[in-house]
Structure formats: C-alpha cells, structure tokens
Amino acid sequence: MRSADQFTIANKPIASIDLMEKAARAFVQSFLRDEFDPTKSVAIFCGKGNNGGDGLAAAHLLLANGYQNIKVYIINFSNKQSDDFAINLQRIDESRCKKVFINQPSELKSLKADLVIDAILGSGLNKALAGDYEELVQFINKQHKKVYAVDVPTGFFAEGKLPEVYNGIKAYKTISFQRPKINFFFPESAAATEKFEVVEIDLDEGFIQKQDAAFQLIEESDIQNILRPRKLFSHKGTYGHALIIAGNTNTMGAALLSSMACLHAGAGLTTACIPQGGLIALNTTLPEVMALPRDEYTRIEDLKKYQAIAIGPGLGTDPENEKLLESLILSKQPLIIDADALNILGEKRDLIDKLAPNTILTPHIKEFDRLFGEHESWWDRVQSAREQAKKLKIIIILKNQYTFICLPTGKVLINPTGNPAMAQGGMGDILTGIIAGFVAQRYTAEDAAILACYIHGKAGDDLAHEHFVVTASQVVRRISGEIKLLIPR
Ligand SMILES: NC(=O)C1=CN([C@@H]2O[C@H](COP(=O)(O)OP(=O)(O)OC[C@H]3O[C@@H](n4cnc5c(N)ncnc54)[C@H](OP(=O)(O)O)[C@@H]3O)[C@@H](O)[C@H]2O)[C@@H](O)CC1
Ligand SMILES: Nc1ncnc2c1ncn2[C@@H]1O[C@H](COP(=O)(O)OP(=O)(O)O)[C@@H](O)[C@H]1O
C-alpha cells in the first residue's frame with residue numbers, strides 16, 4: 001500500500017496533500033454514516049505524521065459538516081513532523097477549531113467528549129508503543145469512549161507478527177484506506193478493533209492490481225468468473241462422482257452432513273463410505289447418496305471411478321482408518337483431507353511428504369498445529385501454511401473467521417465470508433463436502449477451494465441476518481440457492 005501511495009503521487013496529477021484530503025474525506029463520510037449527530041462532541045487525537053495529518057483534515061471536514069464541538073489534541077511528544085501534517089496544522093490554526101498541544105500524557109486529566117478519533121500513529125508504526133505514547137493510549141482506553149481509528153488503531157501493526165499482549169488503542173471501528181491491512185484478518189486484531197471498514201481513496205488501482213501481492217482478498221466477481229452453469233444435455237455423469245469417507249459409531253452425523261453438502265454443491269453422484277452401523281441412518285436421511293460399507297478390511301480398489309475423494313469427517317483414528325488413509329495417500333490420488341484424517345497425519349507425519357500434488361488439507365487452528373507444530377501467533381501460522389503449501393505443492397485451507405487458502409504458488413487467498421453465528425459443530429464437515437462436490441465437477445483444486453469457502457460463508461452470512469445461530473444443516477440447504485444467485489446469467 002505504501003508503494004501504491006507513492007506511485008499515485010508520482011504518476012497521477014495529485015499532490016500528497018490532496019491525497020491526504022481524499023483520505024480524510026473518505027474517513028469522514030464513513031464516520032458520518034455511523035454518527036451523524038453534529039451536537040456530539042468529538043476529541044481528535046493527532047500525532048505529527050501523516051496519520052495525524054489525516055486527523056487534522058478530518059477535524060476541518062467535521063466543522064464544515066456542522067459539528068460545533070470539536071477539539072484537536074496534538075500529540076507533541078516528538079520534534080519531527082511530516083510536511084502534510086504541517087500544512088494541515090496551519091489550516092487548523094486559521095480555523096475556529098479548538099486545539100491543544102499535549103507535551104506529556106499527565107497533562108490530560110479527563111476527557112469529556114462523546115466520541116474519540118484516533119489519528120496518533122497509523123501505518124508508520126515501526127516499534128511497539130512504550131513510554132509517553134503507551135501512557136497516552138492507556139489514558140484514552142480508560143475513558144471507555146467510542147473510538148474511531150484513522151487507517152490503523154494506534155499501536156497496531158498493519159502487518160507482521162503481533163505481540164501476545166496488545167497495548168494500543170482499543171477502537172470501536174477502524175476506517176482504513178483503499179485496502180484492508182493484513183493483520184485485521186487475524187484473531188489478535190479483535191483486541192484492537194471491533195470492526196473495520198475499507199474506504200476508497202483513489203490510489204492508482206492499476207498499479208495496485210499489478211503488484212505481486214502475497215495476500216489477496218476473494219471478491220464476489222472472482223466467484224462469478226469461476227462458476228460454470230449446468231450444461232444443456234448434461235447428465236449425472238457430467239458432474240462427477242464423489243466419495244466421502246467419513247463417520248463412525250458416534251459420529252455418523254459428520255458423514256451425513258458432508259455427503260449432503262456434496263450433493264447440494266452439485267456432484268453428479270455421491271457415495272458415502274461409512275461403517276455398517278450407519279447404513280440405516282444414511283438410507284433413511286439421504287436417499288440420493290450411495291453407500292460403500294466400511295469395515296476393517298476396506299480398501300478402495302477402483303479409485304479412478306471417483307473424481308473426488310474426501311476423507312476425515314467423524315472418521316475416528318482407529319488403526320483400520322489409519323491403514324485406509326495410508327493406502328489412499330500411497331495411491332498418489334489427490335485427496336481432500338479433513339478432521340480425523342488430519343489427526344492421523346499429525347501422528348504419522350512421514351505421510352505428509354507423500355501427499356499427491358493438489359491435495360487439499362482443511363485444518364482448523366488445532367489440527368494445523370498438530371500437523372506442523374505449535375505457533376505463537378496467527379502471522380507465524382499463516383507463514384508456515386504458505387511455506388508448506390508451496391513445498392508440498394498442495395492447498396492448505398486454514399480455517400477461521402477469515403479462512404486462509406494457501407496455494408502451491410505461495411499466494412494466500414483470504415475468504416471474507418462467514419460469521420460467528422456459524423461457530424458450531426459440523427460446519428467444517430460441510431465445507432469438506434462442498435469442496436468434494438466442486439472437485440467432482442472437475443473444478444481445479446484451487447477453484448474448488450475458493451468456491452467452497454466463499455459459498456459456505458456466504459450461505460452462513462445470509463442466514464445470520466435472521467438467525468442468532470445457524471446450524472450446519474441450515475447452511476447445507478442454502479448452498480444450491482447461493483450458487484444459483486452467484487452464477488452469471
Ligand atoms: N499510504 C496511504 O495509502 C496513505 C496514507 N495516509 C496516512 O498516512 C499514514 C501513515 O503516515 P506516516 O508514514 O507519516 O506514519 P504515521 O503512522 O503517521 O507515524 C509516523 C511517525 O511515527 C513515529 N513512530 C512510529 N512508531 C512509533 C512508536 N511506537 N512510538 C513513537 N513513535 C513512533 C515515527 O517516528 P520515527 O520512529 O521514524 O522517528 C514516525 O515519525 C497512514 O496510516 C494514513 O493515515 C493518507 O494520508 C494518504 C494515503
Ligand atoms: N466465527 C466464524 N466466522 C466465520 N466462519 C466460522 C466461524 N466459526 C466457524 N466458522 C467456519 O466453520 C467451519 C468450522 O470448521 P471446524 O472447526 O472444522 O468444524 P467441525 O469440525 O465442527 O465440522 C470453518 O469453515 C470455519 O471457517
């Protein structure tokens with residue numbers, strides 16, 4: 001983003017001060033959508049870099065929008081200041097805005113404002129907060145005001161490993177410029193901001209698009225570009241045969257859910273490889289699904305019959321399942337590996353190196369750490385997932401509120417859909433089934449992963465508008481409808 005900023009200034013006829021004005025305008029527009037009440041008092045804390053410059057320009061714009069009670073606190077802990085900060089300071093001097101210089105945090109005794117805008121430090125943060133800055137931030141946090149952060153909450157690193165204990169501003173909302181900062185997608189960001197919004201400031205999009213960004217956010221248009229309609233004169237054979245190896249005595253539900261998800265994602269045929277004891281449950285609840293009874297001697301002989309093979313949901317880690325997984329891996333067939341099959345891999349790590357290219361692993365945080373070792377932070381975990389996906393030429397879907405799809409190329413795609421109403425058992429089982437459904441339809445492993453994560457989360461988001469919690473069964477029933485809405489007409 002920083003290089004995009006400089007490119008825009010150098011190549012478009014726009015001065016950096018005008019870019020700052022655009023940023024402040026975009027910030028204020030978003031702020032006003034949430035808080036349009038000019039009778040409210042607003043305290044704006046400004047550092048002396050460009051983040052502070054944005055804060056000063058925002059003060060100006062709020063005055064212009066009728067806010068009478070604005071007070072700017074200039075944080076004067078350093079002698080350095082940016083040029084654009086200086087220009088905006090002069091503008092503030094010439095306006096009727098109240099301002100005060102804070103030379104030490106102890107000068108602040110109380111804060112009466114209704115709302116706070118944090119423009120102390122932004123993406124220029126280059127070390128953890130300490131000393132006066134830390135004291136100031138603690139003072140602001142203790143006031144328990146609703147804080148809007150400009151671009152990045154003060155003290156929050158936009159990228160790189162986040163410290164275990166966060167000591168920066170605790171914002172209600174962060175209004176960030178042009179692109180979300182990568183660290184917003186990690187659970188650690190919850191300590192820094194309850195939510196974030198990205199606003200356009202007209203940086204040179206062409207340049208940004210050309211950047212070889214390691215992280216990319218999946219957008220609805222990507223899904224529309226990938227999805228294909230059902231073909232005229234097609235039949236069940238056109239859409240592939242998926243095999244779901246799942247379920248055990250007490251976990252038949254996992255097999256049913258993933259098989260049902262595979263059906264609803266559009267596989268032509270679905271076979272569930274389940275224990276004998278689950279046959280009645282399968283035949284009564286999912287008549288469309290065929291059964292391949294599993295016992296301790298099961299070997300899947302005719303692998304080529306299946307375009308997609310998923311293994312793991314509710315499988316159990318008994319020795320016979322270990323043998324089954326091992327035989328599948330040694331067959332060099334790309335698989336979709338989830339849940340207990342990942343736990344088996346975590347115990348028999350020598351198998352990891354034998355995975356066929358384009359295999360898809362779908363671990364949640366614990367399964368991931370069992371496979372690849374404990375990680376202190378999400379930044380480290382995602383870096384390891386990237387390295388492993390590249391080294392093993394596989395796809396790792398690291399699941400969380402934002403799921404990271406790590407590709408063999410080293411690129412990481414971030415899935416923006418999904419929400420906490422989906423935090424319930426069975427949700428991962430259906431993701432596996434959806435992936436298998438798309439792989440069966442001959443989407444590439446990469447495309448199947450992207451489609452499945454996005455559509456799974458989107459179905460959950462739509463349901464969450466009306467429900468406090470959404471169950472895996474509800475999400476499954478919504479999948480086909482979501483595909484229909486997303487598919488180009
Ligand atoms: N890029 C874009 O797209 C656009 C960006 N824009 C805006 O610019 C903002 C970035 O501005 P920026 O580069 O001036 O950095 P900023 O965050 O104001 O701080 C700089 C100062 O902080 C200091 N400092 C650092 N860490 C510290 C610490 N722990 N404790 C104490 N001091 C610390 C550091 O001092 P140093 O350590 O280098 O001496 C430096 O002097 C960005 O967030 C956005 O709001 C928009 O206007 C337009 C489009
Ligand atoms: N807070 C959340 N926001 C978005 N998605 C979520 C959230 N909680 C869970 N999910 C999704 O639900 C699934 C949970 O997977 P997993 O933990 O393997 O579930 P299970 O093993 O119970 O089937 C993942 O796809 C995850 O992204």
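The values are calculated or read from the model by the stated rules, or taken from the named source; none is laboratory data. Just so it is clear, the structure is predicted and the values come from calculations on it, not from any experiment. Glycine also receives a Cβ, built like all others from the backbone with ideal geometry; neighbour counts cover every protein chain displayed. Side chains included, ligands, DNA and RNA excluded: accessible areas come from the protein's heavy atoms. Shrake-Rupley method; radii C 1.70, N 1.55, O 1.52, S 1.80 Å.
Pairs of alpha-carbon atoms within less than 8 angstrom and 6+ residues apart define the contacts here; what relative contact order does segment 350-447 have, in percent? Present the calculation step by step, with values, prior to reporting the outcome.
On the way: 117 pairs, mean separation 24.0, N = 98.
Value for segment 350-447: 24 percent.
Quick one, can you get me the convex hull of the C-alpha atoms of segment 220-486 expressed as volume per residue in Å³? Please report the intermediate quantities before stating the final value.
Working: hull volume 32.3 nm³, N = 267.
Enclosed volume per residue, from the Cα hull, is 121 Å³.
Taking Rh as the Kirkwood radius computed over C-alpha pairs, what is the Stokes-Einstein D of the chain at 25 °C in a medium of viscosity 0.890 mPa s, expressed in µm² per second? Show your work: numbers first, answer last.
Numbers: Rh = 24.7 Å.
Taking Rh from Cα pairs, D becomes 99 µm²/s.
Roughly speaking, what is the stretch gain from residue 191 to residue 209, that is 0.36 nm per residue apart minus the C-alpha to C-alpha distance, in nm to one decimal? Numbers along the way, then the final one.
Working: separation 18, 0.36 × 18 = 6.48 nm, distance 3.05 nm.
That works out to 3.4 nm of additional length.
Based on C-alpha coordinates, I'd like the Rg and Dmax of segment 372-431, in Å.
My reading of the Cα-based Rg and Dmax gives 12.2, 35 Å.
What number comes out for the charge environment of residue 260, summing +1 per Lys or Arg and -1 per Asp or Glu over other residues with Cβ under 11 Å away?
Working: positive: 477; negative: 288, 429.
That sum, taken over residues with Cβ under 11 Å, equals -1.
Classify segment 261-321 as rounded, prolate or oblate from the Cα gyration tensor: take a ≥ b ≥ c as the square roots of its eigenvalues, call it rounded if a/c is under 1.5, otherwise prolate when a/b beats b/c and oblate if not.
Working: a/c = 1.72, a/b = 1.22, b/c = 1.41.
Here segment 261-321 falls in the oblate category.
Using +1 at the C-beta of Lys and Arg and -1 at the C-beta of Asp and Glu, which of 389, 431, 344 has the Cα lying farthest in the positive direction of the dipole of segment 336-466?
Of the listed residues, the answer is 389.
Using a basic spin-label model with each label point 7 Å from the Cα along Cα→Cβ, how many nm lie between residue 101 and residue 444?
Between residue 101 and residue 444, the simple spin-label model gives 5.9 nm.
Quick one: length gained pulling residue 326 to residue 469 fully straight, 0.36 nm per residue minus the C-alpha distance? Provide the component values of the computation, followed by the final result.
Details: separation 143, 0.36 × 143 = 51.48 nm, distance 3.72 nm.
Stretched out fully, the residue 326 to residue 469 stretch lengthens by 47.8 nm.
Based on Cβ point charges of +1 for Lys and Arg and -1 for Asp and Glu, what charge dipole magnitude is obtained for the chain about its Cα centre, in debye rounded to the nearest 20? All intermediate terms of the calculation are to be shown ahead of the outcome.
Values: 54 positive and 58 negative charges, 136 e Å.
Dipole size: approximately 660 debye.
Please report the antiparallel percentage of the DSSP beta bridges confined to the chain, to the nearest 5. Display every interim value, and only then the final one.
Values: 7 of 58 bridges.
Around 10 percent antiparallel, to the nearest 5.
Structure shown: which of 323/348; 323/393; 146/399; 354/390 lie over 19 Å apart, alpha-carbon to alpha-carbon? If you can, show how the numbers build up before the last one.
Numbers: 323/348 11 Å; 323/393 23 Å; 146/399 31 Å; 354/390 14 Å.
As for pairs spanning more than 19 Å Cα to Cα, those are 323/393; 146/399.
Kindly report the accessible area of the chain per residue (heavy atoms of protein chains, probe 1.4 Å, no ligands, DNA or RNA), in Å². List each step's numbers first, then the result.
Values: 21830 Å² over 489 residues.
With the other protein chains kept in place, the chain gives 45 Å² per residue.
Keeping the other protein chains in place, figure out the carbon and sulfur percent of the accessible area of segment 375-472, with a 1.4 Å probe. Before the final figure, lay out each step's value.
Values: 1670 of 3330 Å².
C and S fraction of accessible area: 50 percent.
Under 8 Å for C-alpha pairs, at least 6 residues apart: give me the relative contact order for the chain, rounded to a whole percent. Before the final figure, lay out each step's value.
Details: 1004 pairs, mean separation 59.5, N = 489.
Contact order relative to length: 12 percent.
For residue 145, list the lysines whose Cα falls under 16 Å from its own Cα; do not include residues on the same chain fewer than 8 positions away.
By straight Cα distance, residue 145 reaches 40, 71, 109, 112, 170, 173, 195.
Would you mind working out the magnitude of the charge dipole of segment 2-211 relative to its Cα centre, with +1 at each Lys and Arg C-beta and -1 at each Asp and Glu C-beta, to the nearest 20 Debye?
Numbers: 26 positive and 27 negative charges, 83 e Å.
So the magnitude is around 400 debye.
Run the accessible area of segment 1-157 with a 1.4 Å probe and give the carbon-and-sulfur part as a rounded percent. Let's see the in-between values first.
Details: 3460 of 7310 Å².
Carbon and sulfur: 47 percent of the exposed surface of segment 1-157.
Please give the net charge around residue 251, taking every other residue with its beta carbon less than 14 angstrom from that of residue 251, where Lys and Arg add +1 and Asp and Glu add -1. Don't skip to the answer; put the middle values down first.
Values: positive: 294; negative: 318, 338, 340, 429.
Net local charge, residue 251 excluded: -3.
By the scheme Lys and Arg +1, Asp and Glu -1, what is the net charge of all other residues having a beta-carbon under 12 Å from that of residue 171?
On the way: positive: 145, 146, 170, 173, 195; negative: 118, 151, 194, 197.
Here the charged neighbours net out to +1.
Give, in nm to one decimal, the length gained when the segment between residue 393 and residue 477 is fully stretched (0.36 nm per residue of separation minus the Cα-Cα distance).
Here the segment from residue 393 to residue 477 would lengthen by 26.9 nm.
Kirkwood Rh over alpha-carbon pairs of segment 2-211, then Stokes-Einstein at 10 °C and 1.306 mPa s: what D in µm² s⁻¹, rounded to an integer?
Working: Rh = 17.1 Å.
Rounded, D is 93 µm²/s.
Mind jotting down the three principal axis lengths of segment 318-358 based on Cα atoms? Whole angstrom, largest first.
Cα extents, longest axis first: 25, 17, 15 Å.
Rounded, prolate or oblate: pick one for segment 95-230, where a ≥ b ≥ c are the square roots of the eigenvalues of its C-alpha gyration tensor, a/c under 1.5 means rounded, and failing that, prolate if a/b is larger than b/c, else oblate. Don't jump to the answer; show the numbers that get you there.
Details: a/c = 2.35, a/b = 2.04, b/c = 1.15.
Prolate shape, in that a/c is at least 1.5 and a/b is the bigger ratio.
Take every Cα pair under 8 Å in segment 220-486 that's 6+ residues apart, average their separations, divide by the length, and report that relative contact order as a whole percent.
Numbers: 557 pairs, mean separation 57.3, N = 267.
Relative contact order for segment 220-486 comes out at 21 percent.
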